[in-house]
Amino acid sequence: MVVSLPTTAKALLGLSAVLFALAVLSIIDMLLPRPFDGVLLDPDTPGALRVLDVIPGSGAAVAGIVPGDRIAGIGHRMVRDREQASRVLGSYEVGDTVTYFVEDAAGGLRESRLRLGEKRAIKAPYAYACLLGFSFFFIGLYVLLRQPHQRAARIFFVVCNLFLVFLVCRLRPASYSSVDSSILLAGTGALLFLPAAFLHFFLIFPRPLPRLERWIAEHGRTAWRRLLVVVYLLPAAALGARLAKAWHDGESLSLVSGAPLVNWWILAAYMLLGLLVLAINSEGLQDRRQRRGAALVFAGSLFGLVPFLTLAVVTPSFLHSERFLFLGVIPLGLVPLTFAYAIVRFQFLDIRVILHKGLLYTVTTAIVTVSYALAIAFFNSWSRGTALAEWRFFPLLFALAIVLLFEPLRRRIQGPIDGFFFAERSRLQSTMLEMGEQLTAGLDHEEVVRNLVETLPQTLGLHFAALYLVKGGQLERVAGPGYLPAELPLTPELEAFLGRDRRRLTRLDDLDKEAGESPELARLLQRLALDGVELLGDLASPRGRVGIVLLSGKTGQMAVEPTELKLLAGLLSQAAIALETARLLDQRARQAELERELAIASSIQSSLLPASVRMADGWTVAAVCRPARDVGGDFFAQLPGNDDEPGAVIYGDVSGKSVPGALMMMAAHEVLHALAMTHADPAELFDLANRRLYRIGQRSFVALGYLAGASDGPRLRYGLAGQPPPLRRGEDGEVSELPVPVHRLPLGAFHRGTYQVLETRVEPGELILAYSDGVLETQSPDGEFFGEERLRASLAVSLPEPDAAVRSILADLEAFAAGHPAYDDLTLVAIGRRREAE
Amino acid sequence: MIRKLVLILVPLAALAAWLAVRASAHRPWTTDSPAALAAFEQGLEAEMKLYAADAAKSYFEALDLDPSFVAPRIFLLQVLRPHDERYPQIVAALRAADPDPLTERERFLRAFELARVDQDEAEFMRLLDGFVAQHPDDPFGLRMLCQRESVVGDVLGAEHCYQRLVEVEPNWVQAQNLLGYLAMRQGQFDEAEKRFQIYQFIAPDQANPHDSMAELMTVRGRYEEAHRELDKALELRPDFYSSYDHLLFLALAENDPQLLAATRDRVVEAFSGNERPTTFASCRYALFAATLEVGSDFAKIQECPKDGVLSIALFHTLALRAEGPEAALTLEEHLRERLKATPVRAGVPVDKLTSSDGGLLLHLEGMRHAVSGDLETARDALQAADETFELRELDEGLLLLRNRLVLAEVLESLGDAAAGRRERQRITDINPRFLETEPYLGLPALR
């Protein structure tokens, strides 16, 4: 709690120690056993020994001495002043009977014998004044120790010390002791400076008055200091002038509690001015909490000071009576009470008081217990002698009533106390909980961002919050002040630090070590610190880092407290999950959209594939194309032929998969289809298609196979551009490879290509199988490829009919893959020759 | 560390030295013996309360404790009578004392007493004026100044002086007593009563304050209170003759011959073996009894000393009654001679010095003329006497009232009833009961 104290604070503490000692010694002096007659003298007529009040039951009271009397002699000695009276009294012992010579208000003289009492009793009003004075002192001390560097806190401390001296020393009941004069003088001294200190405090708190600041800016701080000197010295100067005038005129100066009325009027003016300044200042406060605290202090000061000023200034001035002065002191208690409450409740003077609930509960229980004890005592005394008390069941009933009522009463009181002291904390907790619930319940990304960047700073009283989300290895600002960097590098040091120990919240200061190791991080942190960032919140979900939140400091001078950090950390966890969930949902939605589009694309693509293909009479063809994904790059097609003759069958394999492959496939399909309509020669077709597809670019190419059965014989023309050579299965089941052309570059790979079209005889019972490389690349769950050997083996045992062969090979492929996802599209085209065609 | 110590100790030492110097500067009496000082101060207190014997005892005690102590010797000269065998020794020791180490006050008091012993009036006046000018608030200087003012008859001056003295030292009983009498003299009866009350408070075991109060009460016609005060005084000091004397006056004022006789008897009893007070009391009784017409031998009264203005006036009246105007004239002549013989103090009018006798003479003349029928001359004389009389004490107070009553009678006889009523009113303003008690202090019928 105690931070290092600046020199000024130390000096003030030293001075206050003296004043505190003075106040304590003053009270101790009053309690020291010494012969005391019970007379309280009027402090403002020291020479006349005029009786202001008489302690009830004291020797003076019994002897008939009343307020207004004048003590003329003690113990057969005339006394002319306190010092003499004190000396005479000092020669007696407690219990001695002494003859007093008393002059009454009418001027009549009489002798009174009175017995000297043991010690001076402190009457309730003075005890109250002392309590008030020490309350001021300890509140001021607490504030200074908590905020020793704050000028307003130091001035507040001075005000509290002056109140202490005024209340304890100036209002001290005066008696004969010469000590009284010194102490009363100290009290008068405090009265001279108290109003100026009061005004000074409110000129700079809760914030320096804007007009004053402008004036200082215009005239300089030296002028301000000079003005302060004048403000502080004016009451003393007024007192001096008044005394000088009275001395010059030979008049007897009328004093009210040690000071002439002019000083009390100055006090009133200063205090009212201070209140006015506070009212003006409070209006312009931005922070709600500060405004509430200032309003409370204003109310307390107003209702505390106005009665005091009325009864201490106005009444003596106009009614020439200071009888009610002490009544004016009573409401002064509102001033320290409201200050204390403002500190506890609204962190006034930027002080946070940690109250332990356990202690408060204990205090509450104690209060209830004491109240009960008093009630019991009262009830007992009231019912004593009555029939109720005589009733034999009365004690039982009484005990039962206590037992039944005690706990409910205690709990009833607990609620208001919790609300009184912990309202702000409870409110904060419930607000954060509510926010957390909103974050987890809502899936709206915008809502989460708004909560983090707008609601959170408002709740905690921060200047700002900024949200950065991870995008491509960087942190991109999504929301927050524009002057913050748009992007932040997610350096490895920062990531490592955040990931370590699952830190949710980090102060920038805590990153010094990491900043030392990384100049980039150091620069970043420096930049952020300059922008007002104090806290770094990690938004990390179980899946990974979502982003970070940058938080500023509070609008007041307080740091974010540990409880708030804890709540914040929890909130950030929830925010991270909420953001992640929102992003995943968004992704899922897009994925679903994509899937739908893929399904559409697949459907479109499927529709491009002919349901069946045919060649000229005498030939049978079967073809199948299985994309590895929804859409693929493989295809087969029937090119347009002449008249009623079917065109050739082409089968292609686009480099690329999924949508890119499918799009390229469709492009190739359309190019070939279109060119085939005007170019029947396959070599020419291949060449033109190559050039066309090369222009499309995208670094894609198409492996193409061309199969055309002659209409007049068992000749099959075939061309290959990148496709593997087809296989022939003879009638005996032997599988061989067809001769391949010399050049068989895929279409679109190069600008120009050379393409050959070869011819082969296909006898009935033979099967020509053309395939894409996806067939060979089919993988088993063990990672083994289907390969050519298996294909040959599968072809060897298949039936000679193309349909059956395709189905058989497909079945073998499926059996081999055993559910393993296909890596590549596969196409099979099987051609056979009908026997009856011969 | 050493520097800190030095910084703390040096100012402390300087402060201690300063305080010591101040204390020594304010030391009022030069003695190194606290016991001697205490005894001396006790003596001063006793002297303030007019306990001369007790004061002397304390002063001697102080000298025993510190033979070099000069101040007790000074004050012993004030409380001891000059014929005391120790007196010359004390004077010699005082002369031999070295004045240099003494305080200024002691030097003044020593020089003053020695000048008084040497009867060098001019010197002690000079010393007094010089000291008071420099130390206007010194109680000892003031005391002497006030005494001087009283003696020269400057009432206002004395009053101011004594008032200043009681401000400085309110426990000086003599001052309170004298202020009471001064107030009474000026007709400020309430103030006088206060002063006597204060005196009673300061010296509760003294008879004198009660006696003083009794005088005031008697003049004011508060006879019951006067009785109480005199009873108190005699209770405290059964040998306090003054109170017996005032009791006789009270009996006269109340026209109570029984009390008169009883008082005389009390005096005889109290002072048996002491001729002086019993003679005085007897003479007083004889005169007062004759005044109250209870039978007394005029011849015997003639042999008695005429003490006090009222006594002389009463005797004059008795002489007028018994032997006629010639006897009265003889008395008047005697008084006139006495007036002329009174030494004149420089710068002070004769009538101021002895205004009692001056007034008395006028009163006697007025009485004689009134009895002889020369009312106008009587009126003039009585009026002149009234202007001269002051209520200095009971004796003169009663005479003043008597004078006014005679004047009233004369004025009424002259046909000026209004003036007569005014004079009677002036009597009742002072003493409401005076006119109720016949035969008005033995006044003859004038109408």
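The values are calculated or read from the model by the stated rules, or taken from the named source; none is laboratory data. These numbers come from a predicted model, not from an experiment. Quick reminder, even Gly has a Cβ in these numbers, built from the backbone with ideal geometry, and neighbours come from all protein chains shown. Quick note on the areas: whole protein, heavy atoms, side chains included, nothing else; ligands and nucleic acids left out. Shrake-Rupley method; radii C 1.70, N 1.55, O 1.52, S 1.80 Å.
In region A:170-177, is there at least one residue being within 18 Å of A:L309 (Cβ to Cβ), of a type outside the set (V, I, T) and open to solvent by 30 Å² or more (accessible area, probe 1.4 Å)? No, region A:170-177 has no match at all.
Checked against the criterion of being farther than 24 Å from A:L745 by Cβ, hydrophobic (A, V, I, L, M, F, W, C) and crowded, with 20+ Cβ neighbours inside 10 Å, the candidates A:V631, A:V654, A:V659 yield just one match: A:V631. Please determine, by comparing only the residues of region A:808-832 that are assigned to a loop (DSSP other than H, G, I, E, B) and of a type in the set (D, E, K, R), which one is surrounded by the fewest Cβ atoms within 10 Å (Cβ to Cβ). My answer is A:D824. Quick check: is even one residue across region A:5-24 part of a loop (DSSP other than H, G, I, E, B), open to solvent by less than 70 Å² (accessible area, probe 1.4 Å) and modelled with pLDDT of 85 or more? No, there is no match, as no residue in region A:5-24 is part of a loop (DSSP other than H, G, I, E, B), open to solvent by less than 70 Å² (accessible area, probe 1.4 Å) and modelled with pLDDT of 85 or more.
Would you mention how many residues in region B:184-196 are without any contact (Cβ under 8 Å) to a residue 24 or more places away in the chain and either open to solvent by less than 20 Å² (accessible area, probe 1.4 Å) or more than 14 Å from chain A (Cβ to nearest Cβ) (or both)?
Total satisfying the criteria: 1.
Of the set (1) more than 25 Å from A:F136 (Cβ to Cβ); (2) surrounded by 12 or more Cβ atoms within 10 Å (Cβ to Cβ); (3) of a type in the set (F, W, Y), all apply to A:Y232 but (1).
Out of contact with any strand residue (DSSP E or B) (no Cβ under 9 Å at 6 or more places or on another chain) and in a helix (DSSP H, G or I), is that true of B:L102? Spelling it out, it is not the case that B:L102 is out of contact with any strand residue (DSSP E or B) (no Cβ under 9 Å at 6 or more places or on another chain) and in a helix (DSSP H, G or I).
For A:E597, the criteria (1) in the same structural domain as A:L452 (by TED's automatic domain parsing); (2) open to solvent by 90 Å² or more (accessible area, probe 1.4 Å) hold in every case but one, which is (1). Just one of the listed residues (A:P646, A:P660) is in the same structural domain as A:G722 (by TED's automatic domain parsing) and touching a Lys or Arg at 6+ places or on another chain (Cβ under 6 Å), namely A:P646.
Entry remark, region A:589-612: residues being in a helix (DSSP H, G or I) and under 30 Å from A:A637 (Cα atoms) number 16 in total. Being under 40 Å from the mean Cα position of the chain (by Cα) and among the aliphatic types (A, V, I, L, M) is a description that does not apply to A:A269. Do the conditions hold for A:G652, that is, is it assigned by TED's automatic domain parsing to the domain that holds A:Y718, part of a loop (DSSP other than H, G, I, E, B) and on the phi < 0 side of the Ramachandran plot? The answer is no for A:G652.
The residue of region B:125-177 that is surrounded by the fewest Cβ atoms within 10 Å (Cβ to Cβ), among those that are away from every other protein chain (no Cβ under 14 Å), of a type outside the set (D, E, K, R) and outside any helix (DSSP H, G or I), is B:P136. Taking the conditions (1) touching a strand residue (DSSP E or B) at 6+ places or on another chain (Cβ under 6 Å); (2) in contact (Cβ under 8 Å) with a residue 40 or more places away in the chain in turn, A:R154 satisfies each one other than (1). Quick check, is A:D586 acidic (D, E) and either modelled with pLDDT under 80 or in a helix (DSSP H, G or I) (or both)? So A:D586 fits the description; yes. What residue, among those in region A:59-105 that are polar (S, T, N, Q) and open to solvent by less than 20 Å² (accessible area, probe 1.4 Å), is farthest from the other protein chains (Cβ to nearest Cβ)? Among those that are polar (S, T, N, Q) and open to solvent by less than 20 Å² (accessible area, probe 1.4 Å), it is A:Q84.
Yes/no matrix, rows are residues, columns are (1) in the same structural domain as A:R626 (by TED's automatic domain parsing); (2) surrounded by fewer than 20 Cβ atoms within 10 Å (Cβ to Cβ); (3) not in a helix (DSSP H, G or I):
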| position | (1), (2), (3) |
| --- | --- |
| A:R717 | yes, yes, yes |
| A:L720 | yes, no, yes |
| A:L745 | yes, yes, yes |
| A:L769 | yes, no, yes |
| A:D782 | yes, yes, yes |
| A:S794 | yes, no, no |
| A:P800 | yes, yes, yes |
| A:A805 | yes, no, no |
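Could you check, for region A:205-215, whether at least one of its residues is in contact (Cβ under 8 Å) with a residue 60 or more places away in the chain and either in a helix (DSSP H, G or I) or over 26 Å from A:L349 (Cα atoms) (or both)? Yes - at least one qualifying residue is present in region A:205-215. Taken together, the residues in region A:656-700 that are basic (K, R) and more than 57 Å from the chain's Cα centre (by Cα) amount to 3. Exactly one residue out of A:L285, A:L302, A:L273 is at negative phi and part of a loop (DSSP other than H, G, I, E, B), and it is A:L285. Scanning region B:197-234 for residues that are more than 13 Å from chain A (Cβ to nearest Cβ), of a type outside the set (K, R) and free of Cβ contacts under 8 Å to residues at least 24 places away in the same chain gives B:M217, B:E224, B:E225, B:H227, B:E229, B:L230, B:D231. On the given criteria, is B:P204 surrounded by fewer than 18 Cβ atoms within 10 Å (Cβ to Cβ), in contact with a helix residue (DSSP H, G or I) (Cβ under 9 Å, 6 or more places away or on another chain) and not assigned by TED's automatic domain parsing to the domain that holds B:D54? Yes: the conditions hold for B:P204.
What's the total number of residues in region A:30-55 that are modelled with pLDDT of 80 or more and more than 14 Å from chain B (Cβ to nearest Cβ)?
Step one: list which residues in region A:30-55 are modelled with pLDDT of 80 or more, which gives A:35-42, A:49-55.
Narrowing the set further to residues that are more than 14 Å from chain B (Cβ to nearest Cβ) leaves A:35-42, A:50-55.
Qualifying residue count for the region: 14.
For (1) free of Cβ contacts under 8 Å to residues at least 24 places away in the same chain; (2) in a helix (DSSP H, G or I), each residue gets a yes or a no:
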position: A:E495; (1), (2): no, yes
position: A:R500; (1), (2): yes, yes
position: A:D509; (1), (2): yes, yes
position: A:D512; (1), (2): yes, yes
position: A:R523; (1), (2): yes, yes
position: A:E534; (1), (2): no, no
position: A:L539; (1), (2): no, no
position: A:V546; (1), (2): no, no
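Hey, any hits in region A:128-148 for a residue that's touching a Pro at 6+ places or on another chain (Cβ under 9 Å) and within 12 Å of chain B (Cβ to nearest Cβ)? No, that holds for no residue.
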